[in-house]
Structure formats: structure tokens, C-alpha cells
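The values are calculated or read from the model by the stated rules, or taken from the named source; none is laboratory data. These figures come from a predicted structure and were not determined experimentally. Note that each Cβ is placed from the backbone with ideal geometry, even for glycine, and that neighbours are counted across all protein chains shown. Quick note on the areas: whole protein, heavy atoms, side chains included, nothing else; ligands and nucleic acids left out. Shrake-Rupley method; radii C 1.70, N 1.55, O 1.52, S 1.80 Å.
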Amino acid sequence: MTIKPYVTSFVLQWKIGLRYRLAVLAGLVAQMWFGAISLMAYAAVYHHAPGVDAPMTLRQAMTYTWIQQSLFTLLPLGCLPAIGEAAKSGAIVYDLLRPVDLWNWWLSASLARLLGNAIPRAVLLAAVAGPLAALVGLNGWSLAPPASLWAAMLALCSFILGAFISASIVMWWNIVTARTLSPLGTYAVGTPLAVLLSGMLLPLPLYPDWARELLLFQPFAGISDIPIRLYLGMAIPGGVLTALGIQCFWLAALTLVGRFWMHRTISRMEVQGA
């Protein structure tokens, strides 16, 4: 099996994502605004309850928030827009006729869109929230460096796994879109799920004890929560191998079940018209 078609799909979608530079800047301003509001809320809570034994320090919570905001567009908020448009227009039949593995074809495009949107914002926000914030005297509110070189390497590996998990969840939204012929349902369901369960709304380590471990073992935690914990050097139940094992499990499960579901969906699909 040649990988050239999938590389081509990835590169084309990547270039499309990089075209919208104004959207990147607008998104950067929005994420910095929401990040700043969250940081002020955390600062107020921590300063008014200094005796509480929180699972995260204030600096860790702030760094967690900055990284989450920088990776907002890495979340699987819905289907790939091109597939949503193709489903509504009927052009999805062209993808069905391509002599390629449809899962890999859509996966490469989905991964490219996620990374093409996330990486420029992440780099810009890291520069603003990190060294620039420290230069203007906001060192206590700035993005902290990784806990160690080993933590940085583990976090990088975990972020890569997280990107593939996110793309695999987008693949599920793509299949739903192919079945329903509308992308609206995937955004209505995917956006609140991703924002709540990934730790974007509230860091998962700050949830109550009874929910904390349950939230760790669901797929959305593998997108950004686990990588950020490794970046910060935080203790994870079961250790580093368990954390990476959770990510690998969900990546394999989403892929295997998703492929089976896609095959059933495509085999039952009917295309009408001339």
C-alpha cells in the first residue's frame, strides 16, 4: 500500500488551514481573552482559600489553562467541514470512488486540519504567554516551562498520540455525517463533549475525587489533559506507562471500531441522482 495519496491529502488540507492567517490571529486574541479570565478566576479562588490541599498549584493551573487554550482547535468539535459540505451536496460519492483506503484518506485530511489550525496558534500563544508575559512583569501568570527535559519528551510523545486520538474522533463525526447527510448534529454533540471532557472548561485534576479517575480513563482526556499532566510532571494514577497506555488503548479502539462502522455505513449508502 502506497502512502503517497494520504500524504497528498494531508498536505492539501494543511495548506488550506494555513491560508486563513487572519482567523489565526483572531483565534489567538479570543483564546488569550478566555485564558486571562480563567486565570483571574483561579487566582481569586486560590488566594481566598490558601489552606485547601488542591491537587494542582496555582502556577500549574495557570500553565494548564494556557496550554489548553493554545490547543483549542485540536479538539474534535465536529466533522471535517469538507465532508460536511460533500454530504449535503452529494459530492461525497467522489471519495467513495477513489482507489484508496477511505479511512486513511479522511484521517489524513482530518489530522492535517487539526494540526494546521492548532500549531500556529500554539506557537504564537506560547510566545505571548511565555517569554513576553515574563518580560512585562507577569512571570507568575506566564506559561511555565516543562518540569524537566524528560517531562518535555514524554509530553511531546503524548501530544502526538493525542492528535491522532482527536483525528480518530473526528473520523467518527465524519461517519455520522455520512449517515445523516448533515454536519450539524456532530457539532451540537461534539463541541460540548470535547470542551467539558478534555479539561478545556475546567482542568480534570480539579474535579471531585470520585470523578477524577473516571475522567482520566475516557478518550477526550488523552487529547490534551494527559499530555499537559506529563508536561507539568504531575503524578498520574498508575504512572507514565498507564497514561500512555490509556492513549494507545483509545487510539486502537477508536480506529478498529470506527473502521468496522465505516464499512457498514458505506456498504448501506445509496446515491441517487444523475
Next item on the list: Specify whether the C-alpha gyration tensor of the stretch 157-210 places it in the rounded, prolate or oblate class, a ≥ b ≥ c being the square roots of the eigenvalues: rounded for a/c under 1.5, otherwise prolate if a/b is larger than b/c and oblate if not.
Entry: oblate
Note to self: How big is the dipole moment of the stretch 14-135 about its Cα centre under a simple scheme where the beta carbon of each Lys and Arg is +1, that of each Asp and Glu is -1, and everything else is neutral? Debye, nearest 20, please.
What the structure shows: 340 debye
Checklist line | Estimated vicinal HN-Hα couplings, Hz - the stretch 143-156 in sequence order (Karplus 6.51, -1.76, 1.60; Gly, Pro = x) | finding: 6, 7, x, x, 4, 6, 5, 5, 5, 5, 5, 5, 5, 4
Next item on the list: Determine how large the accessible area of LYS4 is when every protein chain is in place; take a 1.4 Å probe and give Å² rounded to the nearest 10.
Entry: 150 Å²
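Take the alpha carbon gyration tensor of the stretch 6-61, find the square roots of its eigenvalues, order them as a ≥ b ≥ c, and report rounded if a/c is under 1.5; if not, report prolate when a/b exceeds b/c, else oblate.
Oblate shape, in that a/c is at least 1.5 and b/c is the bigger or equal ratio.
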Check: Helix 239-268 versus the longest principal axis of the chain: what angle, 0 to 90°, nearest 10, using Cα atoms?
Finding: 20 degrees
Margin query: Can you tell me which of GLY51, GLY137, GLY222 moves the most in a GNM of the chain? Springs connect C-alpha atoms under 10 Å apart.
Written below: GLY51
Check: Using a ≥ b ≥ c from the Cα gyration tensor of the chain (square roots of the eigenvalues), is it rounded, prolate or oblate, where a/c under 1.5 gives rounded and otherwise the larger of a/b and b/c decides, a/b for prolate?
Finding: prolate
Next item on the list: For the stretch 144-274, give the magnitude of the charge dipole about the Cα centre (Cβ charges: +1 Lys/Arg, -1 Asp/Glu; no others), in debye to the nearest 20.
Entry: 300 debye
Item checked: Cα lying deepest toward the dipole's positive end in the chain, options ASN139, ASN117, SER38, charges on Cβ -> ASN117
